[in-house]
1. Note down the magnitude of the dipole of the range C:105-226 about its Cα centre, charges +1 on Lys and Arg C-beta and -1 on Asp and Glu C-beta and zero elsewhere, to the nearest 20 debye.
2. Mind telling me which of B:GLY127, B:GLY170, B:GLY234 comes out most flexible in a GNM of chain B, alpha-carbon contacts under 10 Å?
3. Can you tell me the FRET efficiency between A:THR295 and B:ARG162 if r is taken as the Cβ-Cβ distance and R0 is 56 Å, rounded to the nearest 0.05?
4. Given springs between every Cα pair under 10 Å in a Gaussian network model of chain A, which of A:LEU254, A:LEU267, A:LEU120 has the largest fluctuation?
5. For the protein assembly as shown, what class follows from the C-alpha gyration tensor (a ≥ b ≥ c being the square roots of its eigenvalues): rounded when a/c is under 1.5, otherwise prolate if a/b is larger than b/c, else oblate?
6. Under a GNM of chain B (C-alpha, springs under 10 Å), which listed residue has the highest mean-square fluctuation: B:ALA216, B:ALA135, B:ALA70?
7. Which listed residue (A:SER331, A:CYS92, A:ALA190) has the Cα farthest towards the positive end of the charge dipole for chain A, taking +1 on Lys and Arg C-beta and -1 on Asp and Glu C-beta about the Cα centre?
8. For C:LEU4, what residues show an amide H to amide H distance below 5 Å, using hydrogens built from the backbone and excluding near sequence neighbours?
Amino acid sequence: MNPHLEATGTRVRRPLWTDRSRTIRLLAAVAGIVLVVLAASTLGSYPVELITQVLIYALFAMSLDLLVGYTGLPSLGHSAYFGVAAYAAALCSLKLGLPFWCAAPVGLLAAVVTALLFNLIALRTARGYYLMITLALAQVLWSIAVSWTDLTGGDNGLSGIARPVIGRPLEGAASYLWFVALVFTVSAMAMWRIVRSPFGQALKGIRENEPRMRALGYETWRYKLVASLLAALFAGIAGECFLYLNGFVGPSSLAVALSAQVLLMVLMGAAGTLFGSMIGAAVFVVLQNIVSSYTDRWLFVMGAIYVLFALYAPAGALPWLRERWARYRNSVGGNT
Amino acid sequence: MSFWLINALNGLSFAMVLFVLSAGLTLVFGLLRIINMAHGSFYLLGGYIALSVIQASDHFMLGMASACVAVMLLGAAMQRWTLARLHKQELPQSLLTLGFLFMFADLAFWIWGGNPQLVPKPAVLEGAIRFAGIAYPAYRLALIGIGVLVAVLLWALLEGTRIGAVVRAGMDDEEMVRAMGINIPLVFTAVFAFGAGLAAMGGVLGGPLLGLFPGADFEVAMLAFVVVTVGGLGSIRGAFIASLLVGLADNFGTAWFPQLSLFTAIIPMVIVLALRPSGLMGRA
Amino acid sequence: MNALEVRDLGRSFGGLQALQNVTLSIAQGERRVIIGTNGAGKTTLFNLLNGQIRPTRGEIVLFGEPITALSTPQRAARGLARTFQITSLFAELSVRENIQIAVQALDPCRFSFVRTIESYRHIEQRVEELLAQWQLEHCAAQRVNKLSYGVQRQLEVVMALASRPRVLLLDEPMAGLSSEETHLVTDIILALDRAVTVVMIEHDLAAAFRVADRVSAMDQGQVVAEGPPALIRDDEALQRIYLRGGALGTAGPAVSAGGRSQ
């Protein structure tokens, strides 16, 4: 929840009290989520739905940021993990009649196995290919979802998946929001742990300079592989949250458009900071809702945003704003 | 027997459309180091423009020519005013072309609507030709001939002309070409436009076969990515061989396992990447 | 047992023979300096030693173990570290993070993603120790691409030393440094523990001769002379090479009759 959690690098040996301050910040973050959820649930069902969506997409975007922002692997097939988890969990409960506690882990496992297969192929190639090959592989899954109607329901997808029962059924929009908020908080904390671990540090090194990492003794492809498995796991969690939100999964959960959207969310924040990806997801969902209420040309607007970001803010919106702000402050300082 | 013959011919004619499309992609990558995500858009726009022109004029060749020229101009503008500003920045370039992909897709949907449409075949190539006990569409046979012709022409252009020599040198070493006093930005724009034109041509040739519809841009772009990955980025010869592999794999795959369409098309890619990560003709 | 043994090493690029018949025996704890003009094949030799490129022929042996077939990370894990002629750091990360990544490179904790870095006290301690030893504490939090070139060069060496290598390959550590900084780096190399074997490529012959136990001179992909600094300084063949490519700045005035060493 707090950008300062991201500020590695500036750490000097801290006195004891900072450990406590970190706990305080963490508590503040959790309290923030609780407040937002509470506020939303008093406002009626539309804001609740919107916030639930924001949290799910934020989780999804953060998982992609592990690859794009931290490891420097631009993936355009991230919807594959989101969709596979949702389809697998849905199939488990529909065809095999498994309960939530079995279906959900199976779905996550399916996402991780998909990531393993994809990356054993995609990581063999040079970095420039990664975007292209992940796109091609994800497109294959989408195509199977559309054409294998017996299994996947084709374009109609799979519907009628009941929400999990935790103590009581999570049927109401507000009670499901609580569930998603909990899942989000736990996942986000886990991801923060990952990026601040020795492993996360190694990922940043690979992003910055892979040959040097190899010269230092890192078998870099192993790190890239594990990073993609972890990213797939969290993307899968987001996918299942989405599945139980709608009680439905269709080919759009595997589509390139979704991969492109989540990549744009990462860019609309700041690649390489989980917090930024979260903000990006929130901005994206709100923007999409506003634009769609005025025009049908959302796809065009999204394309235009991509073009603008590529030209002017390839590192993301937050770094761009920070730079503007610094320049503005300098010019003001220079005048006085 | 006729199952094999028909599917092999189907695969070959599809492969030729793929080749014309992928040749443009691989050429652009070889020289400009850009993975053009919007390559499929050029295919789709080319097909749609040809469709409109043919409907208005009833002339296939006129449709083909106007589609190629229009898309080449579009490509030149896109390269000159946006892509050129991101020279050698790999990820922003990909994101930029991705943005254009969405914009073009929405534009095409707006203008031509969401219903699948077929580009009319040229009148001479309507009907079927009988041989070896089968009746086979004349247009598909012609496609095979056209694909081979394009391959030969491209090869002659790259190997036999001065501009081809410049492009080949640029693929090896941009600095050297610059030092030779050649206007690199102009060559870049020209090659990008040429690549876009090839994609448009692919769209016109493939239009009567595969149809034009929203999402066709993604579908063919994905197949073109597979082809250039298998062939080795930057290699025309590789793209030709890879088109044959992918085209045939896709056709027989769809014939045998319709539920797993596209899956068989990427099998050549998986095998090639496992054995030779830089592609069949790629430089290691 | 020698620290590093190179036998008949050769590498060609296309038709060009970049390196041929290179044979070196470097004793444990030795300071070996490799000199030669640009294009003599020195950096190619280093790239072959640490596995960035594969030799077309020959063998490399590290402490009695053949490593020719091993990958770069595998060689690093066996105690072979190197620096790069063109500064190769993690540009967007801080000095502290750069050192941290180098320190944990061969530590079992490097693959852990469950605990934060701070919880590994021994890593933190080693980082602090290196920062203090190299007087980098004042800029520990600074981003590397904001540092002066001299400090970057210094960091390049610290990174290689961080994982306590047995053999250290230094590729022109003094390139582009001021004379003051050159002295600092030379002093540090001289002060290195003798358990570490050092192989260094250097253009600055004064610094090279100050550090070296033995010197190997390369020209056109081959080792053309080898011996203690005093002998090499007066070597006739070497004089010719350097006169052809420029001046042998610090060498004695006379071409002595000392002749070929070895």
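1. The dipole of the range C:105-226 has a size of about 480 debye.
2. Greatest mean-square fluctuation among the candidates belongs to B:GLY127.
3. On the way: r = 49 Å, r/R0 = 0.88.
The calculated FRET efficiency here is 0.70.
4. Evaluated over chain A, the most mobile residue of the options is A:LEU120.
5. On the way: a/c = 2.09, a/b = 1.32, b/c = 1.58.
It comes out oblate by the Cα gyration axes.
6. Highest fluctuation of the listed residues: B:ALA135.
7. A:SER331
8. C:ILE26, C:PHE63
Every read-out reported here was derived from the displayed coordinates using simple, explicitly stated rules and does not represent laboratory data. A quick note: this is a predicted structure, and the numbers were derived from the prediction, not measured. Glycine also receives a Cβ, built like all others from the backbone with ideal geometry; neighbour counts cover every protein chain displayed.
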